[in-house]
Every structure is written in C-alpha cells, then in structure tokens.
Amino acid sequence: MGVARPQMRPITRLAPPLAPQPGRELPGLGRARPDVARIPAPCVRALAPKARARVVAAAAGGAVVPGGDAAETPAERKLRRMRVFVLVLLVLQNAASALLTRYTRVKRVGVPMYYDSTAVLLTELMKLPMCAAMMLYTLGPRGALSDLREGFSKPLDVLQLAVPALCYTVQNILFYVALTSLSAATYQVLSQTKTLATAGFWVTMLGGRLVPRQWASLTLLVAGVSAVQLDGAMGGAAAAAGSLGSYYLGIFAVVASSALSGFANVYFEKLVKTTPTSIWVRNLQLAFFALPQALLFMVKDSSAIGLTGALHGFDGAVWTAVALKALGGLVVASTVKFADSLLKSFATAVSIIVTCLISIPLYGIYPSFQFVWGVALVIASVFMYNVKKPPPQ
C-alpha cells in the first residue's frame, strides 16, 4: 500500500526579477524583453559568465545565438575595432622604433651623428600636441579643459610626477645608448627584463603577490635573456656589426633602463589608480617635469651644440625615429585603456618576431640557434606571466 505524497505547489517566484515589467528601461540595458523579464536574479548570478552574459543581453533585447555568445552591440564592435587598432599600432611602433633608431645610431656615410640629448628633448616636445589631441578626441573641448583645470589645481599632487618623469627621461637617454651598442633584435629581447623589474617593485612597493606560474615565468625570462647575452658575448647575432659603442655598455644601458621602467611604471600605476585624474592629464603632468629635465641633460653636449647647432645630424630618418619614440608613450597608455595584459603580451611577442625577421635583410644579421632559443624563452615567459586562469563555466 503506497503512501500518499502531499502535493507540492510550484514556486512561481524566488526573488525580484532580473528586469522590471516589459516596456520599462533597465539601467544600462535599455528595454527588457517580456520572455526574460521574470528570471530570478539569484539564478542569473549563479550562471557561468558566458551564460549570464547571454541572459543579460536577452533582457536588453539583443539577439542571442543558442549555445553561443550574445550578438555584438555597436558599442562592443567599436571597442573591438579600437582594441585591434591599438594593438597593431603597438606592434608597428615597437618594431619600427627599435629598427629605425638602430639605423640612425650606426655610422652612415656622409651623415654626421646627431645628439641623443636633443632627440630626448624633441621627444618630450612632440608628446604635448599628441596628448592634447587625444584629450580633445576622447573628452571633447569642454571635458579636456575641465580635466586640465582640475589636474593642475593641486600642486602637491602634480609634484608627485617629478619622480617618474626623471626615471622616464633617463630611460630615454639609455634607449639611445643601448641602440648605439646593440642590434634592434637584441634590444627588443633584453628590454623584456622590465617585466622582472616591474614584478619586483610591484611586490615591494604595492604589496602584490605572485602566483607560482608567474615565478616560473620570471625564471624562464632570466634563462632566455641569459641565452641572448651569451650569444652576444660569443660574437653571435646579438653582437651587431657596425656598433659604435661597447656591447657590455649596451647591456648595462638596457638593464638600467628596465629597472627605471619597472619602478616608474609601478609608481605611475599607483598614482593613476588612487586618484581620479585622467591618464592623458597625467601624461601632460609628466611632460611638465620631463621638459626641464631633458634641457638639463643637454648640458653634456653643450660645447658641441654651441659649435654645430642642436639639430646637427638630423635628417628624415632621425625625425621619424624621434616621432615614433614620442608616440610610444601614448600607444602604451591607449593599450592600458583599451586592451588587457594578455593582448599586450601578444603584441610584444609579435613585435620581437617582426624585429628579428626584418633585421635579417636590413642588417644582414642571421640569428643563431642559441639566439632563437633565447627569444622563444622570453616570449613564452611574457605569456606565462600575464595569462589569467579562465573562470569556471
């Protein structure tokens, strides 16, 4: 004889719905679709990220592909295109800046060598109109003027930018010293030691913690850089022919530049994340201190400049190299704004490969197996350090 089970009344509502009644607007979602207006909010929050995105998109009235992602909105399409544009620009700027600067720092027949201190000053001067243009494009005239007024209204806050500005100015000087002594490909690989410096300062200054995977990636980075350095010491591809400087001076310049870059990046990140000032205003504040510092560095060439002029040795190639260097800071700032660290790592890896490949026909430098192995380890370390564990589905 069976036991009669009490009938269970269906639960019609567990929590406030995801969306209000059909026809009313949702904050940031637009008008809700009737067929998804009564989905309980706790159920939506319990879904995996992709599934949750599909439900939210459906609530907003967007098309949903069964088993796939929500259809791309115009704003998402614009962001995707901007992300691709910025990453392509980052690859081209990184590769072209190293290759062209190296070309201008090698002795050329009939072309005198220019002063690196003048190039650094012109780099900072070129950043001003570039940064102002980006502010006008992203904020409009009124928003840009309001940001400028607010950004320079607190002298003590602006004064904090003097420290990273000095680091970046010295780093720019070392950039020319390094490419006077090293090939463009070697510089690109060795400059990735800034990841090691940034990780060290991030742990010590911001109290960050590295996971075991990131420690392993730093070990790979050291191994790859060591392989490239050893290749140069033995006269391989890293020891470029026609260099006007010492190979070991170039190594020192890259390592010192990476240390300054790591410290300045962490210091600048701390300021950007703890204050509401926009990144474009921060770049203008950096230039405010970098310009007099660059003028001060011209003292070392003052006697020669007095005889030949500050623009001695400047031709089309040098002007283009200086403009590319000035563009670099703004491209990096745009990458931080529109892309994530993994995409930036991909762009860095591609720029290293492009630089190595172009160096073969341009300078006749054929990489050895040890150099290629070192490049592979460095690229792998960059990806390992920045990749993030995907969320559970």
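Residue-wise HN-Hα couplings along segment 323-331, as the Karplus relation 6.51 cos²θ - 1.76 cosθ + 1.60 with θ = phi - 60° gives them from phi, are 5, 5, 5, 5, 5, x, x, 6, 5 Hz; Gly and Pro carry x.
Restricted to Cα atoms, segment 124-238 shows a radius of gyration and a Dmax of 19.7, 59 angstrom. Taking other C-beta atoms within 10 angstrom as a stand-in for reagent exposure, VAL255, VAL382, VAL163, VAL109 fall in the order VAL109, VAL163, VAL255, VAL382, fewest first. If one computes P(r) from the Cα atoms of segment 74-386, what percent of pairs lie at distances over 29 Å? Cα-Cα pairs of segment 74-386 separated by over 29 Å account for 37 percent.
Pairs of lysine residues in segment 74-386 that meet both criteria, 8 or more places apart or on different chains and Cα atoms under 20 Å apart, total 15.
Fewest neighbouring Cβ atoms within 10 Å first, the residues LEU362, LEU99 line up as LEU362, LEU99. Put in order of Cβ neighbour count within 10 Å, fewest first, the listed residues TRP280, TRP215 become TRP215, TRP280.
Between the beta carbons of VAL272 and VAL109, assuming R0 = 35 Å, the FRET efficiency works out to 0.15 to the nearest 0.05.
Read the figures in this text as sums done on the coordinates, not as results from a lab. It should be emphasised that the depicted structure is a prediction, and the values quoted were computed from it without experimental measurement. Ideal geometry is used to build each Cβ from the backbone, glycine not excepted, and the neighbour counts take in all protein chains shown.
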